[in-house]
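A short worksheet on the structure shown next.
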Amino acid sequence: MTSKATGDASSAFGVMSNASGKGAAAFGAVAQATGDGASAMGINSLASGTNSTAIGSGNKPGEGAKATGNSSAAIGSGAQATGDNSAAIGKGAEATNENAAAVGGGAKATGKNAAAIGGGAIADQENAVAVGHIGDFINFI
């Protein structure tokens, strides 16, 4: 149950942490930094996209922050940034398309170039912006 830093110039700290990408860094138990230049911080966090950053812990595998898009960032427990150049900030926030941004607990930006700002806000169309809390937000298209 040791940490593994197998990528060139990589670092891994924490039980079963893995830094396999070139220049990758994994900090925390079961943290996985598999993309080149990726950083994963927190229990069960995953950064697999090139130059991606995942910060946030989860109790089980898959529940930590997950940044799988290239140049993506996920910050918060369960936050997911899966689109290239996407950002998800807040517990359970999801940015799943290219250039999408979700800020706030449970915010979801699923459209290309979309932004969801506020707890539970949903921007599910291309170039859409949703601002406010779920059920009480304004959607700009």
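The values are calculated or read from the model by the stated rules, or taken from the named source; none is laboratory data. What you see is a predicted model; the values in this text were computed from it and never measured. Heads up, the Cβs are rebuilt from the backbone with ideal geometry, glycines too, and the neighbour counts pull from every protein chain shown.
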Exercise. Looking at this structure, is Lys112 farther than 30 Å from Gly14 by Cα and buried (at least 23 other Cβ atoms within 10 Å of the Cβ)?
Worked result: no
Exercise. Where in the range 1-75 are the strands (runs of 3 or more DSSP E), entirely inside, with at least 2 residues that are under 25 Å from Thr96 (Cβ atoms)?
Worked result: 25-27, 39-41, 53-55, 73-75
For this session: Out of Gly104, Gly120, Gly69, report the one residue that is closer than 29 Å to Gly132 by Cβ and surrounded by fewer than 22 Cβ atoms within 10 Å (Cβ to Cβ).
Result: Gly120
Seminar exercise, completed: Across (1) assigned to a loop (DSSP other than H, G, I, E, B); (2) not assigned by TED's automatic domain parsing to the domain that holds Ala116, Asn99 clears everything bar (2)
For this session: State which residue pairs qualify: first residue closer than 12 Å to Gly92 by Cα and inside the range 59-76, second residue surrounded by fewer than 24 Cβ atoms within 10 Å (Cβ to Cβ) and modelled with pLDDT under 95 in any location, beta carbons under 7 Å apart, and separation of 6 or more residues or different chains.
Result: Gly64/Gly58
